[in-house]
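Following: one structure in C-alpha cells, then a few remarks.
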Amino acid sequence: ATGADNDLYINQAVVFIEDAIQYRSINHRVDSKSLWLYRWYYSRICQWILGLTITIILALAFIETPSSLTVTSDVRYRLPAWDPPCGLTESIELLCFFVFMVDVSVKSYLVGWEEFWKNKWLMAYILTLIVSLTDWIVSLSFFCTETVRIRRILRPFFLLQNSSMMKKTLKSINSTLPEMASVVLLLAVHLSLFTMFAMLLFARTKDGQQDNERVRYFRNLPDSLTSLLVLLTTANNPDVMIPAYSMNRAYSIFFILFTVLGNLFLMNLLTAIIYNQFRGYLLKSVQSSLFRRRLGIRAAFEVLSSLKETPANAEQSCVSVGALLQVLQKVEMDSHCKQAIMRSLKICSSDQLLAAQFQKLFEELDKDAIKQHPPSPEYQSHFMQKMQFAFGHPYFGYLGNVVALANIVSICVVLVMDADKQPSERDDFFLGAINCFFILYYLLEMLLKILAMGLKRYLSYPSNRFDGLLTAILLVLEIATFAEYGFPHPGWRPEFMGLLSLWDMVRLVNMLIVFRFLRIIPNMKFMALVVTTLLDLVKNLRAFAGILVVVFYAFAITGVMLFKGAVVPIGNIRKVVVLSFKEKCDFMSSVTFRLRLFAAYFIYLLSVNLICRWAKIYFVAWWLISSVIWVNLFVALLLENFIHKWDRRCHRASLSDIEYQRTVELMFRDVLEEPTEEELMEKLHQHPHLHLCR
C-alpha cells in the first residue's frame, strides 16, 4: 500500500508540474485512473487530433454549397463550382461532432460534477453541440436544401473554447467594453448632432442651388447619417464635400470640423482608453496565469512532502531531492529548463528541499528562453585563421549588404529603361548577366561564411538561414535558366519554352533578389527592434489572431445567409454588392469581402440601399467590431510590446552569441506580484479533489 501511495503522489506531482508549465487549472480529479486519462487527454496526439478536427469543421465552409473550389471568383469567367452531394459534408460534420462529444465528456468527467456546473464554457460547449446536432438533423430531413444553417455560425466556438488564452483575451475584451461604450456613445452623439446640422445646412432651397449636395448625400435622415458615418472612416473624403465646396468654399468648414472632432480627437481618445483599460485587464489575466503556475508547483510540493521517505521529525514540510529527480524524469517540459533544474539540484547542499527552495527551482520556467550559438571552428593553420578572421568579421557582412543594394539598384535601372518597351523590343542580356554575377557572389559569400563560422554556427542564425535558403533557390533557378535557354548573350530573347518563359524566370529571380535584401534588417538596430516586435506579436499573440478568425468567420457566414439572392442581375450588369453577396456567393468571396470593406467601406455601405436600409446595421456592426474595436486593441498591444522592448534594450547587454525569446507572460513579468504562501495554501485547501493533511 505504501508503494502504491508513493506512486500516486509521484504521478500527482508530475501532473501538477505539467499544469504549472501550461498555466492550466489544477482543479481536476487526482486519482490514479483520472491522472492517466488527464495526461492522455493533454498528450500531443490527442491535442493534435482535436486541433485537426477543429480545422476540418471550419474548412467545410470552403466546400459546402456554395463551394469556393474555383480558380477565379468572377462569375463571368469561372466554371460552375463543384457542389458536394447531400450527406458528404454532413458525414464529416458528424465525425467532428463525435470528437467534440468525446472531448466535452472527458473534460466534464475530469473536473467533476461540482466544478462542471460552475464552468460556463463547458455548459456553452454542450449547448452548442446540442443546437448543432439539432440543426444537422433538420438539414438531412430537408435533403440539404435549407438556406439557413445555424450550426455554421456556431462553428468558431469550437476554436474559441479550445484555447485558454483566447478565452482570457475575450474576457479582457468583455471587461473593457463598458469604457469603450462611453466613447462610442460620444461618437454617436457627435454623428447625430452633425447629421442635424447637415440637414439644416443643405436643406432644399427655392432656387435649388444646394440640391446637388442634398440629393447625393443628405436627402433624408438615414442617408445623412450614412454619409457622415462613412466620412468618419475617411472612405468618402473628399467626395462628400465636393458638390458643396464647388458652390461655396465656406461649406468646407463644416466638414473640417466634423473630421477634426471625430477622427483626430474621439477616435484617438478611443485608442487611448482601450490601451489603458485593456492593458490593465490583460495584466490581471497574466497575473492569474502566474498564480496558476505557482499554485501548481506548490501543489506538487505538498503531495511530494507526503511521501513515506520524508523525515517524520522534520519541523517543516520538505521534499527529498531524489523524489524530485524521479518526478522530473516523467515530466514533459522543455529540455533546457529541465537541465537547468537538474544542475541546480546537483549543486544543492542539502538532500531535503523546503517550499521556498522548491519554488525557486522552478523559476527557470519564468526566465527568457536563451539560445546560445555554437562556437566557431578552431583552425590550426595560420592562413585559415586569417581567413576566418576576415570572413567572420562584421565588415564582411556590411560588404554583402552593399553588394545586395547594388543589385537592387541595377534591377531598378533596367526596369526603368525597359518600362515602355514591348516584349519583342526588350533585350534580357544585361539583366541576365548582372543576375548571374550577383548570384555567384551570394554563393561565394555563403560558402566563405560557412568556412569562417562553421555549418552549425552559420545555421544557428535566422538571418543566415534566410540568406542561405534564398541563395540556394536563386542558384537552382539560374542553373535551370541556363539549361533551358543557354548563357546570356546580346539579343538573349528566346521564345517561350518549358514551364516558364525566360522573362518569367528572370522576373522570379529578381523578386527573390529584392526579397533577399531584407537581410539588412538585423544590421540596423532600430529597424531590428521594430521587426522583432512584429515577430513577437505574430508568435505570441495567437489568441488575438484566433478571435479575429472567429469574427471573420461568423460575419462571412452570416453575410452569405443574409444576402443570398438579395440582388437580382439587371441584364449583363450586376451591382457592386452582387460581387460579394450574389446568388452564387461562396465563403471565400465573403471572407475577401470583409477585407475589402476596410478600404471600400463607402461603396459597399451605400450599395446596400439596393437591398434594404436595415442591411446597413450588418455593415455598421462589422465596422465597429473590426475597425473601431479590434484595430484599436491591436494597436494597444503593439504599443505595449514595443514600449516594453524599448525599455528593456537599455538594461540588457548586447551579446552577439545569445538570442532572447519573449512570451506574452514575460512581457509583464517585471510588474507582476508574487502570490503569498497564505494565498496558495488557502486555494489548495479549496481543491475539490485534493485533500491535504495540513
> Just to be sure, is LYS308 modelled with pLDDT under 80 and either of a type in the set (Gly, Ala, Ser) or open to solvent by 90 Å² or more (accessible area, probe 1.4 Å) (or both)?
Replying inline: yes
>> Just to verify a result, which residue in the stretch 346-401, among those that are of a type in the set (Phe, Trp, Tyr) and out of contact with any strand residue (DSSP E or B) (no Cβ under 9 Å at 6 or more places or on another chain), is farthest from PHE16 (Cα to Cα)?
In response: PHE383
> Quick one: which of ILE130, ILE153 is under 21 Å from TYR553 (Cα atoms), at pLDDT below 95 and not assigned by the TED database to the domain that holds ARG542?
Replying inline: ILE153
>> Test of understanding: among GLY454, GLY432, which residue is farther than 30 Å from GLU378 by Cβ and either at pLDDT below 80 or in the same structural domain as PHE389 (by the TED database) (or both)?
In response: GLY432
>> Quick check on the stretch 117-147: of everything there that is open to solvent by less than 40 Å² (accessible area, probe 1.4 Å) and hydroxyl-bearing (Ser, Thr, Tyr), which residue is farthest from SER163 (Cα to Cα)?
In response: SER139
> Can we say GLU114 is open to solvent by less than 70 Å² (accessible area, probe 1.4 Å) and of a type in the set (Asp, Glu)?
Replying inline: no
> Quick one: what pairs do we get from the stretch 388-404, first residue touching a residue at least 60 places away in the same chain (Cβ under 8 Å) and part of a helix (DSSP H, G or I), second open to solvent by less than 40 Å² (accessible area, probe 1.4 Å) and small (Gly, Ala, Ser), C-beta under 7 Å, 6+ apart or different chains?
Replying inline: GLN388/ALA452; PHE391/ALA452; GLY392/ALA452
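The values are calculated or read from the model by the stated rules, or taken from the named source; none is laboratory data. Computed from a predicted structure; not experimentally measured. Quick reminder, even Gly has a Cβ in these numbers, built from the backbone with ideal geometry, and neighbours come from all protein chains shown. Just so you know, the surface numbers come from the protein's heavy atoms only, side chains and all, with ligands and any DNA or RNA stripped out. Shrake-Rupley method; radii C 1.70, N 1.55, O 1.52, S 1.80 Å.
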